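The next block holds one structure in the form of C-alpha cells; read it before the comments.
Each value in this text was obtained by applying a stated rule to the coordinates, not by laboratory testing. On a predicted model such as this, the values are computed, not experimentally measured, just so you know. Glycine gets a Cβ as well: all are built from the backbone with ideal geometry, and neighbour counts include every protein chain shown.
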Amino acid sequence: MASTLEQPQRPGVMQELTILGNDINEQYYFSQLFDYEPFTRYLIKYCSTTPQNPQHHKESLTSGTADMALTLKPLVDNAVENVAIEHFHDYCVVCALHNPLAELPDLTLYNFFSFPHAVYQSDALPVLAEGKRNTILPELNSARSRRIGYRTDSINGLISAVENSSCIAVLPYRLARFFQIQKKYSIALLALPEELKFSSQTLYANWYRKNRHLADVKEIVAMMQTIASFRKW
C-alpha cells in the first residue's frame, strides 16, 4: 500500500519544495538556478526567515513544513543532515561611486568611523565583534564606535541606501562584487583598514534525513556548491 506521503500528484499539479533562508541567499544563489532541474519539476517556495531561529528550523524540517534550511551554523540534530555551501572570509567596504571615499587610494580608520554605516539586520552577515573592539583596536575608545545610519533586513535595501547616500557598509567581497557586476549597482569596493578584522562565516544547507524529496534537495545543494566554487566574481 502506498504511503500517504507518496500519493500520486494530479496531472498538471507540481509538487512543492520549501526552502528557508534570507533574501541574500535567494539572490546570490537561487536567482541563477531557475532554468535548471529540479526547478522545472517542482514549485519552489522560498521563505525568508529573519532572524534565524535554529529550533524553528529544525521543527520545520522534521515536520515536513520545510525541505531545506540555509543557516550560518549547522543545525545540531540526529535527524538533520547538513553540509557547507560556501565560506566567507574576505570582506570589503562598499560605498557609492559619488562618495568621496571612492577616490581614496586607501581607507583609514578615521574614514571608516567618520561615515554613517548601513547595516544588515539578519545574522546572515558578520558584524564587528563589539566585545572584542578593545582587543582589536586598543587605541579606540567607546566614542569611536560605528555610527549606524541605516538598519535593514533587506540586502537590496542596504545596497540602495549605500548607492544613494553617504552611508558605507561592510560586506563579504564576493557578495559585494555580485551586486556590483550582476546587479549593476553604482557602488565602489574598498579594502578594509588593516586594523579591522572580521570573523569568517560559513553558509550551511540543512535537511531532514528522511525527507521525501531527498534526492532533489541534495541536487539543489550540489548546484549551490558548484555556483560557490566556480563563481567568477
If you take the Cα atoms of the range 172-233, find Rg, then find the Kirkwood Rh from the mean of 1/r over all pairs, what is Rg/Rh? 1.12
Would you pull out the residues with amide H under 5 Å of residue 86's amide H, same chain only if 5 or more places away, H placed 1.01 Å from N? 203
Subtract the Cα-Cα distance of residue 104 and residue 90 from 0.36 nm times their separation in residues, and report this length gain in nm to one decimal. 3.0 nm
Assuming R0 = 41 Å, what is the FRET efficiency of residue 148 and residue 78, from their Cβ-Cβ distance, to the nearest 0.05? 0.55
